[in-house]
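The values are calculated or read from the model by the stated rules, or taken from the named source; none is laboratory data. In this text, all values refer to a predicted model and were calculated from it rather than measured experimentally. Methodologically, a virtual Cβ is constructed for each residue, glycine included, from the backbone with ideal geometry; neighbour enumeration extends over all protein chains shown.
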């Protein structure tokens with residue numbers, strides 16, 4: 001396994017549509033293993049192949065149990081509810097924005113050996129499924145942000161202000 005360089009916003013590869021995987025071979029297995037190591041090193045929740053410069057429909061997502069789910073040729077087959085939250089991206093380091101996503105998502109994909117399966121999850125994992133699959137279609141979360149993008153310091157300050165306002169309304 002090897003850590004790969006994460007491609008940053010502004011690189012044209014992040015805006016391109018990825019091609020389906022047709023060969024479930026050692027090269028795919030190596031890509032998935034390298035992506036896992038890269039994600040571990042970066043301490044992220046998900047990673048898509050274009051983020052490491054590979055235009056194939058492959059991504060990794062952390063599920064609610066903290067385990068990585070490998071998704072090859074994934075597609076969202078069901079989504080319900082709505083959640084809003086601050087989102088960031090390894091390809092847009094240090095910036096966060098408010099994004100609405102489905103609360104629950106079901107994805108159909110193939111595993112590293114080509115076997116089709118479905119996985120369903122909620123909350124942060126559902127958000128990650130949507131975020132990473134969007135990368136495969138050439139989209140970044142910044143296209144969906146409602147309001148400003150924040151640095152980590154600005155986000156911390158904004159959340160602290162919001163928490164103080166909530167406490168004030170509750171009379172604490």
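With respect to the conditions (1) modelled with pLDDT of 95 or more; (2) in contact with a helix residue (DSSP H, G or I) (Cβ under 9 Å, 6 or more places away or on another chain), residue 142 lacks only one, and its number is (2). The set of residues from the stretch 62-83 being over 14 Å from residue 108 (Cβ atoms) and either in a strand (DSSP E or B) or touching a residue at least 12 places away in the same chain (Cβ under 8 Å) (or both) comprises 62, 63, 64, 68, 80, 81, 82, 83. If you go through the stretch 84-122 and keep only what is in contact with a helix residue (DSSP H, G or I) (Cβ under 9 Å, 6 or more places away or on another chain), without any contact (Cβ under 8 Å) to a residue 40 or more places away in the chain and outside any strand (DSSP E or B), you end up with 102, 103.
Consider residue 22 carefully, then state whether it is in contact with a helix residue (DSSP H, G or I) (Cβ under 7 Å, 6 or more places away or on another chain) and either in a loop (DSSP other than H, G, I, E, B) or surrounded by 12 or more Cβ atoms within 10 Å (Cβ to Cβ) (or both). The answer is no for residue 22.
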